[in-house]
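Have a look at the structure below before the remarks.
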Amino acid sequence: MTAPARLTVDLNALARNFHTLSAISGSPAHPVVKADGYGLGAGRCAGRLMKEGARTFFVARVSEGVLLRAALGPEPTIYILDGCPGDSIPDLRAANLRPVINQPAQQAAWLASGGGACAVQIDTGMNRLGFRPEDAPEPFEGVELVMSHLACADDPAEPMNRRQRDAYAGVCDRYPGAIRSFANSSGCFLGPDFAFDAVRPGISLYGGGPEGRPDPRIAPVATLTADILQVRDVPVGESVGYSRGFIATRPTRVATCATGYADGLLRSYSRGPGSVSGQVWLNGALLPLLGRVSMDVIAVDITDTDAALGDAVELFGPNRMLDDAANAAGTISYELLTSILPRVPRVYIG
Ligand SMILES: *Cc1c(COP(=O)(O)O)cnc(C)c1O
């Protein structure tokens, strides 16, 4: 049975983006596959990226690292961005995961448990995770990688990018021999000064542009499609959906499509009463949503089309770029991709 809403993941496009990001930055890419590969399936995406040459991966949680280790086998290096919080060290060791040490308590716990290969994160201004530059630990046994993270890389004109870069470079000098990793997806596009030894792209592997809008160098990877479940003709004066979100001012042909909140269709896809927004692609046209997103369905205006029962609309994909769909919904690509619950089957091509 074909699911009425599905997420197609083009692994060939993922591979192309991986090579593009390395080529543009001039450094090998260590993929970030946290949040289940930004919703696309960490195991499948990382497995393909291994075939393309990736050998080091980053996830956020220890639990994600345990699953990724099971999927990828013993060979690749897997770093945990959270570090080794709480009582996680036995699980880290059992799955041969490496913590990104972010603070003195983590450093002490890791060393007390026997130490070993790890990374150190320097916080160069984001004030999130990591040691402040002036508090960076003395080099210790096991530090294989030193990293920091950009706060504003999606805005190349932001002077903070250069300040963070220079602060980071200064600290790196204290860890000779460690791999230096600084740039996320957007950082890959900031020029060779920002590339260091390895880049850590996430969103642009999965099709998001580096500046929050489509970029011709990044290929679409994820396509969210939903079937038309019912077609109806709504007479003038009648309304569609909850709260009479749309009222027909002309005879309107409405397609009810199988997608809603659980498929990542945020409520903000719909606008206020009476207004409409061009959101879904079908057979060459962008068609407006009518009224509100319902829990599990949306209504689409197909009056001027030959759309029929069983056709599928594209929420985002090659015809409706991920960043455009996100911006129209008042959000960003990261949130769209990571809002798609497991009921939506991931269909892999390539
Ligand atoms: C999420 C994350 C990345 C990847 O960021 P993108 O903007 O998705 O490329 C890289 N490094 C760290 C520390 C992160 O948390």
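The values are calculated or read from the model by the stated rules, or taken from the named source; none is laboratory data. Only a predicted model underlies this, so the values are computations on that prediction, with no experimental measurement involved. Heads up, the Cβs are rebuilt from the backbone with ideal geometry, glycines too, and the neighbour counts pull from every protein chain shown. The area values use the complete protein model at the heavy-atom level, side chains included, leaving out ligands, DNA and RNA. Shrake-Rupley method; radii C 1.70, N 1.55, O 1.52, S 1.80 Å.
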Using 16 Å as the cut-off for backbone N distance, which residues of region 205-227 belong to the label zone defined by a point 7 Å from the Cα of residue 335 along Cα→Cβ?
-> 212-213
Counting sequence-distant residues (5 or more places) and residues on other chains, those with an amide H built under 5 Å from that of residue 234 are 252, 253, 254
Accessible area (Å², per residue) of the chain, counting only protein heavy atoms and a probe of 1.4 Å = 42 Å²
For the residue pair residue 173 and residue 3, what label-to-label distance in nm results when each label sits 7 Å from Cα along the Cα-to-beta-carbon direction?
-> 5.2 nm
Can you list the residues, at least 5 places off or on another chain, whose amide H is less than 5 Å from the amide H of residue 287, using H built in the peptide plane?
-> 279, 280, 281, 282
How much length is gained if the chain between residue 268 and residue 305 is pulled fully straight, taking 0.36 nm per residue apart and subtracting their Cα-Cα distance, in nm to one decimal?
-> 10.8 nm
So who's got an amide H within less than 5 Å of the one on residue 131, skipping anything under 5 residues away but keeping other chains? H placed 1.01 Å off N, in plane.
-> 121, 122, 123
Dividing the helical contributions, -39500 (n - 2.57) per DSSP H run of n ≥ 4, by the residues of the chain yields a 222 nm value, nearest 500 deg cm²/dmol, of -6500 deg cm²/dmol
Leaving ligands, DNA and RNA out of it, report the carbon-plus-sulfur percent of the accessible area of region 170-288 at a 1.4 Å probe.
-> 52 percent
Return the Cα extents of region 211-312 along principal axes one, two and three, sorted largest first, each rounded to a whole Å.
-> 46, 27, 22
Roughly how many Å² of residue 160 are accessible to a 1.4 Å probe, to the nearest 10?
-> 40 Å²
How large is the Kirkwood hydrodynamic radius of the chain, in angstrom, based on all distinct alpha carbon pairs?
-> 21.7 Å
Given a Förster radius of 25 Å and the C-beta distance between residue 67 and residue 261 as r, what FRET efficiency does 1/(1 + (r/R0)^6) yield to the nearest 0.05?
-> 0.50
So what are the radius of gyration and Dmax for the Cα set of region 11-206, in Å?
-> 15.7, 44
Share, in percent, of DSSP beta bridges within the chain that are antiparallel, nearest 5 | 55 percent
